[in-house]
Structures are given as C-alpha cells and as structure tokens.
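Peer 1: This is the structure I have questions about; it appears just below.
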Protein chains: 2
Amino acid sequence: MKYSKKERQKLLQQTIIDNPFVTDEQLASQFNVSVQTIRLDRMELSIPELRERIKGVAAHNFENDVKSLPIDEVIGDIIDIELDERALSIFDVKEEHVFQRNGIARGHHLFAQANSLAVAVIDDDLALTVHSEIHFVKPVRAGDRVISKALVTGKDDSKSRTFIELTSTVENEVVFAGKFEMYRTKGKGEK
Amino acid sequence: MKYSKKERQKLLQQTIIDNPFVTDEQLASQFNVSVQTIRLDRMELSIPELRERIKGVAAHNFENDVKSLPIDEVIGDIIDIELDERALSIFDVKEEHVFQRNGIARGHHLFAQANSLAVAVIDDDLALTVHSEIHFVKPVRAGDRVISKALVTGKDDSKSRTFIELTSTVENEVVFAGKFEMYRTKGKGEK
DNA sequence: TCAAAAATTAGCACTTGGTACTAATATCAG
DNA sequence: CTGATATTAGTACCAAGTGCTAATTTTTGA
C-alpha cells in the first residue's frame, strides 16, 4: 500500500535527515513513486537537492573544524581558557554516559572531560598525560551538568612537565578531582 | 610570472586543503593556467574532484558525530574474566582514537578501557571507581592492539572497597599502568 | 455519478563540475 | 634543432539535478 502524500512527505523528511546522502532516485524507489513526485515533494518541503545538502553538511563541518581544531579533540565544551593558566569546560551528562543499572555516570567520561581539558590548557602543539591521580568524589547522573576547572599549578621545564589540578563540580559540589602530570614537547611561548 | 609545475602543484595542494570547496575553474584562473592543466595536476596528486572532496568532508563529519566518544558501556572486548580475581580485554586503537597531529592515542581511551575492565571484574551489580592513580608509560598509536589485564589485589569489606592493579600492554610492552580503588554495594557472593 | 481539482507521471532541454580520451601547440633542455 | 615535457583545446559522456510543459490518474465534492 502506498502512503498518502502527507505521510510520504513526513517520512521523506525524516529519511533525508537520517541520511542526507540519499538521491531522489533511491527515494523514489523506496516510496514507490516516480522521481518527479519526489522532486515536487522536496520543493514543497523546501528540501535542497543532494549536492546542496552534502555541501551544507560539509560546510558546517568545515567551519567547526576551522575554529575548533583544538577544541574538536576535547570532550565537553570549553567555555573559557587562558593558556598555561586555567581552563573551564562544560559537559552535559546524557543517558548514554551512565550505567543503565543505576544511572550513575561511568567514570571514564568524567576522566575524558578532565583529561581533555588538561591537554587543552597547555599552550603547546603536543601535550600528553604522563601520570594522574584521581578521585571520584560523588556520583554523577544523567542530566547533570559537570563543570571542570583546570588550574596549572607548576612546571618543570627541564623535564618538560606541567602540573595541573583539576576539579569537576555539579551545582557547586565537587564530584571529581585529580592531579595531572603532563608532558609537552615545547616550552611556553616557543615556536 | 607563472609558477613552475612543481610550485603550482604544491600551492594547489595547499589551496585545496585550505578550501576543499574550490572548483577547477577557480583554480585555473587563480594560477593562470587552463582548466585542463589543473585536472592533470589533480590527477598526478591524486586529488579527487570537488564533489568527492565535499562528500568526504561531509561523511567524515557524519561519522565523527557518531563515534567521537565511547558511547558503549564497555570499552574494549573482554576476552577472559574470573570474577573478583582477574580479567583481560582487548582494544584495537583506530584512527579516531588518536590525535590527528601526532598519531598518539588520547589518554582517555586507554583509561576508558582500563576503567571498564576494573568495573567488570568486580562481582557485583554496581561498582564505582573511587580513586585511581595511573601512568601513561608509552605512547600508543593507531593500529596497536592494547591488552589490558586487571588483577584484584585486595579488599576492605568494612568499607566495601576492592583494589585492582591494572596493566595495559602492546606487544608485551607496558603502555599504561594503574591502581584502582573501587566501591561496591554488596560483598562478594552476596545476592 | 461526473466534472473539476489535486496529485502523479512523463519527457525534454539545460546546468554544474566534472571524467576520459585524443590531438594540437608551446616550452625547455641538451 | 630536435625530442621530451608541459600545456591547452576540444569532444563525448556522466550524475544528479532544475525548469518547464503536458498528459494521465486519483480524489473529492456537489
């Protein structure tokens, strides 16, 4: 049985959202209508053609890439940063980050946010975590907004090390704390 | 003055990296050569055509959106486990786990494997990481197969704690080591 | 029930940004 | 000057469309 026009258009819309790479021809055979019908549908719904859709996705990506190249490698959104001094990031805990069984966030997500922030705060092309001591102070749950603060507390230039103290809070309560020892390739300000 | 073939191709490459959305025609006028020359250049450098480039960027984006961080409950495949004793897991490092800049795996992936394993080895409905001290001993790269071993070394039943020693190796070389202090709700064997 | 309206299908010319291929020129180096 | 290399030109063809007209089918309302 064929769908009504409305139903088809609704499904069409969702299908294209799910997979913007689909051609009119594929859609036509999927919905058992002619290519022309699909085109009319797209027009009515103001859905651009395949190439324009792809360009859109790519352009979006590109923009994000350009201005978030350092940030792209980060878990959580960095909202404030002062290189070699401090940094702040937000991470919204969602269903997929918690144990189904008890709704508590898996430790490695909190660590990932912290570790990413520790890497980001270092003013260097390359920063690696060497050592870290961490405390999971209080369970975090889906829906919580975790704010991570990284503070550079010291350096050992001879060993190319930077020391960072990290605290994550939910509504002003500490949930995670850690010390990070990071390795950097170059000293501050070098090029 | 026109560039030499080599110079032009070098610039061409960079130009396309900087802006993959540029057409052959635009490139031709930019370098003051014919469109055909640009096409020959692209062929020699194996640079795909505009649409394929854009599709690549878009597809990359699409994938990355899905896999940017471990969503799965357990990171790595657990291949052997003896509850409350020891456990073993394998994690194959792929391109998406490493820094683009230097090809070294991001620390939180290694931590995630370790942490997942520490949680799994505990014979309890609910285990949480309380404290952890970790060392990133040696850089791990895409293509490496990381084998994590968790060993339960002690317990403090009065505090509901389990202590675990964890070692991750690549081809028998230690790359990551850590001690984990885990919290469990119930004692061993309880139900 | 039957005609008008709405929806669908068909067909054709044209567009972009190419590929694949052939052939003619231009340029440079020994 | 000649042969190799580089460049340009031109043709046919492709995918995935747009834009347009026209025909056919389906639905609906009086």
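The values are calculated or read from the model by the stated rules, or taken from the named source; none is laboratory data. These numbers were taken from a predicted model, which means no experiment stands behind them. All Cβ positions, glycine included, derive from the backbone under ideal geometry; neighbour counts span all protein chains shown.
Peer 1: May I ask you to list the residues in the stretch A:100-154 that are more than 30 Å from B:R161 (Cβ to Cβ), buried (at least 18 other Cβ atoms within 10 Å of the Cβ) and either among the aromatic types (F, W, Y) or more than 11 Å from chain B (Cβ to nearest Cβ) (or both)?
Peer 2: Within the stretch A:100-154, A:A120, A:V121, A:I122, A:D123, A:V152 qualify.
Peer 1: Can you name the number of the only condition in (1) within 8 Å of DNA strand D (Cβ to nearest atom); (2) within 24 Å of B:E52 (Cβ to Cβ) that A:N19 fails?
Peer 2: Answer for A:N19: the failing condition is (1).
Peer 1: Give the residue, chosen from B:K149, B:K138, that is farther than 26 Å from A:V140 by Cβ and in a loop (DSSP other than H, G, I, E, B).
Peer 2: None of the other options fit; the residue is B:K138.
Peer 1: Among the residues of the stretch A:36-53, which ones are within 9 Å of DNA strand C (Cβ to nearest atom) and over 16 Å from A:Y3 (Cβ atoms)?
Peer 2: A:Q36, A:R39, A:R51
Peer 1: Among the candidates B:V66, B:V33, B:V74, single out the residue that is of a type in the set (V, I, T), more than 11 Å from DNA strand C (Cβ to nearest atom), at pLDDT below 80 and not in a helix (DSSP H, G or I). I'd like the intermediate steps shown before the answer.
Peer 2: Working: B:V66 fails: not in a helix (DSSP H, G or I); B:V33 fails: at pLDDT below 80.
Answer to the selection: B:V74.
Peer 1: Which condition number in (1) near DNA strand C (Cβ under 10 Å from one of its atoms); (2) within 14 Å of chain A (Cβ to nearest Cβ); (3) in contact with a helix residue (DSSP H, G or I) (Cβ under 8 Å, 6 or more places away or on another chain); (4) not in a loop (DSSP other than H, G, I, E, B) is the one that B:A58 fails?
Peer 2: Unmet for B:A58, out of (1) near DNA strand C (Cβ under 10 Å from one of its atoms); (2) within 14 Å of chain A (Cβ to nearest Cβ); (3) in contact with a helix residue (DSSP H, G or I) (Cβ under 8 Å, 6 or more places away or on another chain); (4) not in a loop (DSSP other than H, G, I, E, B): (1).
Peer 1: So which of A:D24, A:D41 is touching a residue at least 24 places away in the same chain (Cβ under 8 Å), surrounded by 15 or more Cβ atoms within 10 Å (Cβ to Cβ) and more than 24 Å from B:A59 (Cα to Cα)?
Peer 2: That would be A:D41, the only listed residue that is touching a residue at least 24 places away in the same chain (Cβ under 8 Å), surrounded by 15 or more Cβ atoms within 10 Å (Cβ to Cβ) and more than 24 Å from B:A59 (Cα to Cα).
Peer 1: Is it the case, given these coordinates, that A:L83 is out of contact with any Pro (no Cβ under 6 Å at 6 or more places or on another chain), within 12 Å of chain B (Cβ to nearest Cβ), over 26 Å from B:A120 (Cβ atoms) and surrounded by fewer than 16 Cβ atoms within 10 Å (Cβ to Cβ)? First the steps, then the outcome.
Peer 2: On the way: out of contact with any Pro (no Cβ under 6 Å at 6 or more places or on another chain): yes; within 12 Å of chain B (Cβ to nearest Cβ): no; over 26 Å from B:A120 (Cβ atoms): yes; surrounded by fewer than 16 Cβ atoms within 10 Å (Cβ to Cβ): yes.
No; evaluated as a whole, the condition is false for this residue.
Peer 1: Of the conditions (1) within 8 Å of chain A (Cβ to nearest Cβ); (2) more than 12 Å from DNA strand D (Cβ to nearest atom); (3) modelled with pLDDT of 80 or more, B:S46 satisfies every one except a single condition; which number is it?
Peer 2: Unmet for B:S46, out of (1) within 8 Å of chain A (Cβ to nearest Cβ); (2) more than 12 Å from DNA strand D (Cβ to nearest atom); (3) modelled with pLDDT of 80 or more: (1).
Peer 1: Of the residues A:K6, A:K10, A:K2, A:K55, only one is modelled with pLDDT under 75 and either among the charged types (D, E, K, R) or more than 10 Å from DNA strand D (Cβ to nearest atom) (or both); which?
Peer 2: A:K2
Peer 1: Continuing with the same structure: Is it true that A:V98 is closer than 22 Å to B:E52 by Cα, modelled with pLDDT under 85 and among the β-branched types (V, I, T)?
Peer 2: no
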